[in-house]
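Reviewing the structure listed below.
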Amino acid sequence: MSNWDRFLDSFFNARVAAEYLPKIIEGFWLTILLAACIILAGVAAGLALAVLRSLGIRVLNWAIIFVVDLFRALPPLVIIALLYFGLPAAGLSLSGFAAAWLALSLVLMAFTEEIFWAGITAVPKGQWEAARSTGLGFLDTFTLVVLPQAVRMVIPPLTNRTIAITKGTALASVVAVQEILGAAQAGVSFSFNPTPLTLGAVAYLVLFLPVVILGRWVETRFAWKR
Amino acid sequence: MTFDDFLQAFFSVEILQQAWPILWAGLLNTLLLSVVVVPLGFIGGLVLALLGTVHSRWVRWPLIAWVDLFRSLPPLVLLVFVYAGLPFAGLEVNALTAVAIGFFLNTGAYYGEILRAGIESVPRGQVEAARCTGLTTAQAMLHVVLPQAVRNVLPDLISNTLEVVKLTSIASVVAMPELLFQARQAQSVTYNATPIMAAAVIYFILLWPVVRLLSRLENRQLAGRR
Amino acid sequence: MPAQRGAIVEARGIHKHFGGLHVLKGVDLAVRERELVFVIGPSGSGKSTLLRCLNRLEEPSDGSITVDGIDMLDRRTDINKARQRIGMVFQSFNLYPHMTALGNVALALRRVQGMSRAAAEAKARQALERVHLADRSGHYPGQLSGGQQQRVAIARAIALEPRVMLFDEPTSALDPELVGGVLAAMRELRESGMTMVVVSHEMGFARAAADRVVFMDGGRIVEEGPPEAIFGNPQQERTRAFIGQITRH
C-alpha cells in the first residue's frame, strides 16, 4: 500500500465515515442547538446590561463593568471547568451542556455589553438633547433614537465576536458533550481511525464557513466611513 | 451548605498552599506558551497580510480561502486534528509542536486579517511619496506603511493577543501542563475546587489590566469613527 | 525630431488609458534646464496624470520619457535611482505621520543614499532651513499647519538634490492664508536655479515666475507660450474660455 493510499485510508476511510456519519450529524445539530442558546442568552443579557448601564447609576455601573471585565479576562475553558468541575464541590451539579452554555453565554454577554455600550456612547449627546427637547422620555429617546443608531454601528464587531464565541462550542467536548468535536473524538477512539475527525472538520466548515463569509460581507456592508 | 463550607470548597487557604507549586509551574508554562505562540501567529499573520498586497488573483483567492478556512475551524478542532490526527499520517508530534502548529494556523489567520485592514488603512499617497524619494516597495512597506498600519489597528492587535493568551488554556486538552491543566490535576487530587478558582483568579489578575486598557482604546476608537 | 537642446525632461507621444478612459492623447513636453513650466487646465484635463507619468507613478500606455538622460520607461532603468533625481510635491503633502519633520526628510537619505544617521540628519536640517522650518524639525506632521507640512514635503524632496522638481497642485489643499509661505519657498527654489514643472491654479504665481505656461484640455496640450501670451493674448478658443473663467473672480 503506497503512502498516498495509507493517507486516504486513514483520513478518508469510506467505511469508517459511513459508520460514524450519523453520530457526527447528531453532533452537528447539538452544536447548532448549543450555539443558538448561547447567542440568544448572551446577546439578550449583554443588551440588558448595556441598557442598565445607560441609566447611569454609579454603583450599578461599577458592578457591570467588573462583571464585563471578568468575563473578558477569563478564558472560556477556565469558566467551563469552574462550572463543571468546581460547582459540584458546592453541591451543585451542572450537565456539560449547561456548563458550556452558561460559560459561553456569560462571555458573549460581556462582549455584547461592551460593544453595545461603546455604540451607545458613540451616539452624540446632541441626539439625546434633541429628542428630550421634543418631549420624548428617557425610554423613548433610548429605544427610538439612540439604540437604532448604536445598533448600526455595532453590527460588524458584534457579528465577528458572536462568530468567534460560537466557535467555542467545541470546548464543550472537554466536558463530555457529544457535539461535533466530542462525537468525532469518540469516533476516533472507537474506530482507531481519524476519519471521524475529518468528518468533524468538514461539519465545522459547513457550519462556520458561510458564517465567516457572511461576516466578511457584513464588515464591508456596514463599513465605517473613515 | 453553610458559608464556611463554601469557603472551604472554593477558597481554602490550606489547599491553596498545597497546590501552589503545581499552579506556579502551570503559570510559568502558560507564559512560556504565550511567548511562543503570540510571535508565531503574528509572523504568520504578517506574511499573510504582505501576500495580500500582491495584486494577482492567483495570490488573492487562495489567500482568502486559507484565511477563511482557518477562521472557520474552531481552534480546539484544529489542535485535536493536528495532535490526534497527524500520528495516523505517520507524523508523531509532541503536544508543544501540535499547539504551535494549531495556533500558527488559527491565530495567524486572525492577525493576518487585522494587519491587512491596517495596511489598507494607510493612504496610497504615503507609498507614492516614499517611492518618489527612491525607496523600494519593500522599504516603503517597512519604514512607511507598516508602522502606520500597526498603529492604526493597535486596539485590534492587542485584543487579538489577549484572546490568544486566553486560548492557550485549550492546550490543557492535549495534556500540556499549563495553568488550567495543572489546576485540574490539583483539583482531582484534592477533591476541592480551590485550585481551579485560584487559576481563574490568576488569569484575571494577569489579564484585567489588558482588558481595562482595551476598553478605553475601543471606546475612543468607536467615538472617533463616526 | 532631434532631442531639444538642453532639455532635461523630454516626454514624447504620451498616451494613458485608465480602463476605457483615454486620459492622455499623445502629449509632447520638453523642459529645459532651469526652466519653470506651469501646467494649467480644467480638472480632468490630464495635467496631474501627465506629471505622475514623468516619474512613472503612473505607467504611460505609450510614448517615451527621458529625464536627465535616463530613459524612464526602459525596464533596465533602476527606477528607484532615477526617482531620486526627480523630486515630487503632492497636493495632500503625504508626510509620514509617524515621523518628525526631520525624520520625514532624513528617511530616504539614510535608506536610499545609505548615509549615516548623523550625516542624514545634518543634511535634512539644511533642507529644512531652506524652507525656513529648522525650528520645527522635531515636530510631527500633526503638530504643523498645512503650509508648514507642505514646506516640509518640499524639504523632503530637495534634500535628495533632485535635478527636477514636480509640483502637483501644491497649494490646493491649503487655507488661503497659508498659500503664501509655500509659494515663497517655491520662488526661492526657482531662484536657486531648480528646474520645475508645476501643476497649479495659482495664476498670479504663474504670471510672476513661470517661463512658460502650458494649457491642457481633454488629454492634449492645446496651447503653450510665455505667461504674457497665454494670459494676455490666448490664440485658441478653449484657452480663452478657460482663462476668462479663472480670471473672472
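Size of the dipole of chain A about the Cα centre, Lys and Arg at +1 and Asp and Glu at -1 on the beta carbon, nothing else charged, in debye to 20? Don't skip to the end; give the middle numbers.
Details: 15 positive and 11 negative charges, 136 e Å.
Taking the Cα centre of chain A as origin, the dipole is about 660 debye.
Rounded to the nearest 0.05, what FRET efficiency is calculated for C:R187 and B:I64 with R0 set to 60 Å and r the Cβ-Cβ distance?
On the way: r = 51 Å, r/R0 = 0.86.
Calculated transfer efficiency: 0.70.
Rounded, prolate or oblate for the protein assembly as shown? Axes are the square roots of the Cα gyration tensor eigenvalues, ordered a ≥ b ≥ c, and the cut-off for rounded is a/c under 1.5. It would help to have the intermediate numbers written out before the result.
Numbers: a/c = 2.54, a/b = 2.05, b/c = 1.24.
Judged from the Cα gyration tensor, the protein assembly as shown comes out prolate (a/c at least 1.5, a/b above b/c).
What angle, in degrees between 0 and 90 and rounded to the nearest 10, separates the Cα long axis of helix C:146-158 from the longest principal axis of the Cα atoms of chain C?
With rounding to tens, the tilt is 90 degrees.
So for C:C53, A:C37, fewest C-beta neighbours within 10 Å to most, what's the order? Walk me through the numbers before you get to the answer.
Working: C:C53 26, A:C37 18.
If I rank by nearby Cβ atoms, fewest first, I get A:C37, C:C53.
Would you work out the relative contact order for chain A, in percent, from Cα pairs under 8 angstrom that are 6 or more residues apart?
Details: 243 pairs, mean separation 72.2, N = 226.
The value is 32 percent.
Rounded, prolate or oblate: which fits region B:100-139 when a ≥ b ≥ c are the square roots of the eigenvalues of the alpha-carbon gyration tensor, with rounded for a/c under 1.5 and prolate only if a/b beats b/c?
Working: a/c = 7.94, a/b = 2.49, b/c = 3.18.
Verdict is oblate for region B:100-139.
Taking Cα centroids, how far is region B:101-119 from region C:33-96 in Å?
The distance from the Cα centre of region B:101-119 to that of region C:33-96 comes to 37 Å.
How big is the dipole moment of the protein assembly as shown about its Cα centre under a simple scheme where the beta carbon of each Lys and Arg is +1, that of each Asp and Glu is -1, and everything else is neutral? Debye, nearest 20, please. Numbers along the way, then the final one.
Numbers: 61 positive and 51 negative charges, 265 e Å.
The calculated dipole for the protein assembly as shown is roughly 1280 debye.
With N denoting the number of residues in region B:148-217, provide Rg(C-alpha) divided by 2.2 N^0.38 Å, to two decimal places.
Working: Rg = 15.3 Å, N = 70, 2.2 N^0.38 = 11.1 Å.
Rounded to two decimals, the normalised Rg is 1.38.
Explain nothing, just the number: relative contact order of chain C, from Cα pairs under 8 Å at least 6 residues apart, as a whole percent. Walk me through the numbers before you get to the answer.
Working: 455 pairs, mean separation 63.7, N = 249.
Once normalised by length, the contact order is 26 percent.
When the Karplus curve 6.51 cos²θ - 1.76 cosθ + 1.60 is applied with θ = phi - 60°, which whole-Hz ³J(HN,Hα) does each residue of region C:96-108 get, with x for Gly and Pro?
Here the 3J(HN,Hα) series is 7, x, 8, 10, 5, 3, 4, x, 4, 6, 7, 3, 5 Hz.
To the nearest 10 degrees, how steeply does helix C:176-191 sit against the main Cα axis of chain C, on a 0 to 90 scale?
Approximately 90 degrees, to the nearest 10.
Taking the beta-carbon count within 10 Å as an exposure proxy, list A:M109, C:M115, C:M196 from fewest neighbours to most. Intermediate results must be reported in sequence, preceding the final value.
Numbers: A:M109 25, C:M115 17, C:M196 22.
The fewest-first ordering by Cβ neighbours comes to C:M115, C:M196, A:M109.
Can you give the mean number of other chain Cβ atoms that lie within 10 Å of the Cβ atoms in peptide B:64-72? Please report the intermediate quantities before stating the final value.
On the way: counts 2, 1, 0, 2, 7, 5, 1, 11, 13.
Average neighbour count from other chains, rounded to a whole number: 5.
Rounded, prolate or oblate: which one fits region A:82-198, using the alpha carbon gyration tensor with axes a ≥ b ≥ c (rounded when a/c is under 1.5, else prolate when a/b beats b/c, else oblate)?
Values: a/c = 5.14, a/b = 2.43, b/c = 2.12.
In terms of gyration-tensor shape, prolate.
Cross-link partners among lysines for C:K25, C-alpha distance below 30 Å, same-chain residues fewer than 8 apart left out?
Candidates past the 8-residue exclusion: C:K16, C:K47, C:K81.
Find how many whole Å separate the alpha carbon centroid of region B:39-73 from the alpha carbon centroid of region C:107-142.
Centre-to-centre (Cα) distance: 37 Å.
Separation of region A:43-92 and region A:124-170 by C-alpha centroid, Å?
Each part's Cα centre sits 20 Å from the other's.
Once amide H atoms are placed 1.01 Å from N in the peptide plane, what residues at a sequence separation of 5 or more from C:I8, or on another chain, have their amide H within under 5 Å of its amide H?
C:V31, C:R32, C:E33
Checking a compactness column here: for region A:94-163, what do you get for Rg(Cα) / (2.2 N^0.38 Å), N being the number of residues? Don't jump to the answer; show the numbers that get you there.
On the way: Rg = 15.9 Å, N = 70, 2.2 N^0.38 = 11.1 Å.
Against the compact-globule rule of thumb, the ratio is 1.44.
Is it possible to state the helix-based mean residue ellipticity at 222 nm for chain A, with each DSSP H run of 4+ residues giving -39500 (n - 2.57), the sum divided by total residues, to the nearest 500 deg cm²/dmol? What is it? Don't skip to the end; give the middle numbers.
On the way: 9 runs with 167 residues, N = 226.
About -25000 deg cm²/dmol.
Is any residue of region C:161-198 close enough, with backbone N under 13 Å, to a label point placed 7 angstrom from the Cα of C:E228 along the Cα-Cβ axis, and if so, which?
none
From the P(r) of region C:1-140, could you give the percentage of C-alpha pairs in the tail past 22 Å?
Working: 4907 of 9730 pairs.
More than 22 Å apart: 50 percent of the Cα pairs in region C:1-140.
Just grab the label-to-label distance for B:L32 and A:A63, each label 7 Å out from Cα along the Cβ direction, in nm (one decimal).
For B:L32 paired with A:A63, the spin-label model returns 4.3 nm.
Give the average, rounded to an integer, of partner chain Cβ atoms located within 10 angstrom of each Cβ in B:201-212.
Details: counts 1, 1, 5, 7, 1, 1, 5, 6, 2, 3, 9, 4.
What the average comes to for B:201-212 is 4.
Given a Förster radius of 41 Å and the C-beta distance between C:R34 and B:A138 as r, what FRET efficiency does 1/(1 + (r/R0)^6) yield to the nearest 0.05?
0.70
Check C:R212: other-chain or 5+ apart residues with amide H under 5 Å from its amide H, H built from backbone geometry?
C:L36, C:F38
Compute the FRET efficiency between C:L21 and B:W20 as 1/(1 + (r/R0)^6), taking r as their Cβ-Cβ distance and R0 = 60 Å, and round to the nearest 0.05.
Working: r = 72 Å, r/R0 = 1.20.
Efficiency computed from Cβ-Cβ geometry: 0.25.
Per residue of B:87-99, what is the mean number of Cβ atoms on other protein chains within 10 angstrom of that residue's Cβ? The partial results should precede the final answer.
On the way: counts 2, 12, 6, 4, 0, 0, 0, 0, 0, 0, 0, 0, 0.
Shielding by partners across B:87-99 averages 2.
Which order do C:H17, B:H55 fall in if you start with the one that has the fewest other Cβ atoms within 10 Å? Spell out each step's value before the answer.
Details: C:H17 13, B:H55 7.
Least to most surrounded, the residues fall as B:H55, C:H17.
Taking only complete DSSP H runs, can you tell me which helices of chain A stretch 20 Å or more along their own long axis by Cα positions and average at least 0.5 on the Kyte-Doolittle scale? Kindly include the intermediate steps, with their values, before the conclusion.
Numbers: long enough: A:14-54 (58 Å, 1.52); A:58-73 (22 Å, 1.34); A:96-122 (39 Å, 1.46); A:147-166 (25 Å, 0.61); A:195-221 (38 Å, 1.26).
Helices passing the filter in chain A: A:14-54, A:58-73, A:96-122, A:147-166, A:195-221.
Mean Kyte-Doolittle hydropathy of 0.5 or higher plus an axial Cα length of 24 Å or more: which whole DSSP H helices in chain B meet both?
Details: long enough: B:13-51 (55 Å, 1.81); B:95-121 (38 Å, 0.83); B:194-225 (44 Å, 0.78).
Correct list, ordered by number: B:13-51, B:95-121, B:194-225.
Normalising by the residue count of region B:61-204, find the relative contact order in percent from Cα pairs under 8 Å and 6+ residues apart.
Working: 107 pairs, mean separation 28.1, N = 144.
Across region B:61-204, relative contact order equals 20 percent.
Would you mind computing, in nm to one decimal, how far apart the modelled labels at C:Y140 and A:S95 are, each placed 7 Å from Cα along Cα→Cβ?
Distance between label points: 5.5 nm.
Bear in mind these aren't lab numbers, they're just calculated from the coordinates by the rules spelled out. Computed from a prediction, not measured in an experiment: that's the story for all the values here. Cβ sites come from the backbone with ideal geometry, for glycine too, and all protein chains shown count toward neighbours.
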